[in-house]
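The values are calculated or read from the model by the stated rules, or taken from the named source; none is laboratory data. Only a predicted model underlies this, so the values are computations on that prediction, with no experimental measurement involved. Virtual Cβ from ideal backbone geometry, glycine too; neighbours counted across all protein chains shown.
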Amino acid sequence: MTLENKLSISHKQQASETKPFTEEELALLAIQDEKWMRVAIALASEAEALGEVPVGAVLVKDDKLIASGFNLSITEHDPSAHAEMQCIRAAGKILHNYRMLGATLYVTLEPCPMCAGAMIHSRIERVVFGAKDLKTGAAGSVINLLQDSHFNHQLTVDSGILAEECASQLSQFFKRRRDEKKALKKLLKQQSDLLLQKGKE
Ligand SMILES: [Zn+2]
């Protein structure tokens with residue numbers, strides 16, 4: 001956790017309660033954040049094994065896992081099957097409640113507007129994300145829906161937890177997919193060249 005993150009949590013705590021976090025409490029929170037982000041990274045790998053864009057999420061309360069999810073949009077033919085949505089849906093069934101007060105959602109990639117909307121509806125307290133999403137990020141990169149005072153609920157947002165690891169998991173996936181496409185294109189070209197050659201003979 002960066003000092004900036006620590007300070008943002010510390011300031012929020014100070015605003016809502018009389019007693020700020022102690023150094024020890026902040027250190028413990030940083031350890032917990034890293035631990036849960038590692039679980040989210042492992043879930044992202046499960047998505048990747050299915051050919052999905054590797055994004056994983058966990059919902060946690062009081063350092064206990066409530067639910068988890070990973071991206072399944074291709075498998076499920078469902079544009080709403082993002083890791084966070086899968087996780088929030090599972091949590092609702094487990095909690096028998098669509099409100100997830102006091103919970104923290106860890107996700108390897110910055111949430112999109114759809115997932116940010118679900119987080120506002122479910123009253124999740126805090127979101128911690130790894131890599132930034134400069135194309136569709138709704139937690140500050142493109143827009144900051146999670147902290148917009150026009151809405152009836154705002155979340156604490158912390159970013160940068162294992163960010164390099166989360167980002168490299170995604171970039172390696174996209175590189176591999178580009179390489180596979182290139183290899184397939186090359187193979188198809190070789191086959192068509194061969195057929196043309198045979199036609200001439
Ligand atoms: Zn999303």
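Structure notes:
- Taken together, LEU65, LEU59 contain a single residue that is over 19 Å from SER141 (Cβ atoms), in contact with a Leu (Cβ under 8 Å, 6 or more places away or on another chain), within 16 Å of the ligand (Cβ to nearest atom) and part of a strand (DSSP E or B), which is LEU59.
- Residue within the stretch 171-180 that is farther than 28 Å from ALA49 by Cα and surrounded by 10 or more Cβ atoms within 10 Å (Cβ to Cβ) present: no
- Against the criterion of being within 13 Å of the chain's Cα centre (by Cα) and surrounded by fewer than 19 Cβ atoms within 10 Å (Cβ to Cβ), THR136 qualifies.
- So ASP78, is it within 15 Å of the ligand (Cβ to nearest atom) and either more than 15 Å from the chain's Cα centre (by Cα) or buried (at least 19 other Cβ atoms within 10 Å of the Cβ) (or both): yes
- Annotation: of all residues in the stretch 105-118 being part of a helix (DSSP H, G or I) and surrounded by fewer than 24 Cβ atoms within 10 Å (Cβ to Cβ), the one that is nearest to the ligand (Cβ to nearest atom) is MET114.
- Tabulated pairs, the stretch 24-40, first buried (at least 16 other Cβ atoms within 10 Å of the Cβ), second modelled with pLDDT of 95 or more and among the hydroxyl-bearing types (Ser, Thr, Tyr), C-beta under 6 angstrom, 6+ apart or interchain: TRP36/TYR106; MET37/TYR106; ALA40/TYR106; ALA40/THR108
- The set of residues in the stretch 68-90 being more than 18 Å from PHE129 (Cα to Cα) and part of a helix (DSSP H, G or I) consists of SER73, ILE74, THR75, GLU76, ARG89, ALA90.
- Any hit, the stretch 87-104, residues being in contact with a Pro (Cβ under 7 Å, 6 or more places away or on another chain), within 20 Å of GLN147 (Cα to Cα) and within 16 Å of the ligand (Cβ to nearest atom): no
- For beta carbons closer than 7 Å, sequence separation of 6+ or different chains, a first residue in the stretch 105-128 that is closer than 14 Å to VAL142 by Cα and among the hydrophobic types (A, V, I, L, M, F, W, C) and a second that is more than 9 Å from the ligand (Cβ to nearest atom) and assigned to a strand (DSSP E or B), the qualifying pairs are LEU109/PHE129; LEU109/GLY130; LEU109/ALA131; ALA116/ALA139.
- Selection status of VAL142, under 19 Å from TYR106 (Cα atoms), of a type in the set (Val, Ile, Thr), surrounded by 10 or more Cβ atoms within 10 Å (Cβ to Cβ) and modelled with pLDDT of 95 or more: no
- In the set HIS121, HIS153, only one residue is away from the ligand (no atom under 16 Å from the Cβ) and either closer than 21 Å to PRO79 by Cβ or not hydrophobic (A, V, I, L, M, F, W, C) (or both); that residue is HIS153.
- Contacts under 9 angstrom Cβ, first residue in the stretch 65-79 being within 13 Å of LEU50 (Cα to Cα) and modelled with pLDDT of 95 or more, partner surrounded by 14 or more Cβ atoms within 10 Å (Cβ to Cβ) and among the β-branched types (Val, Ile, Thr), 6 or more apart: PHE70/VAL55; ASN71/VAL53; ASN71/VAL55; SER73/VAL53; ILE74/VAL53
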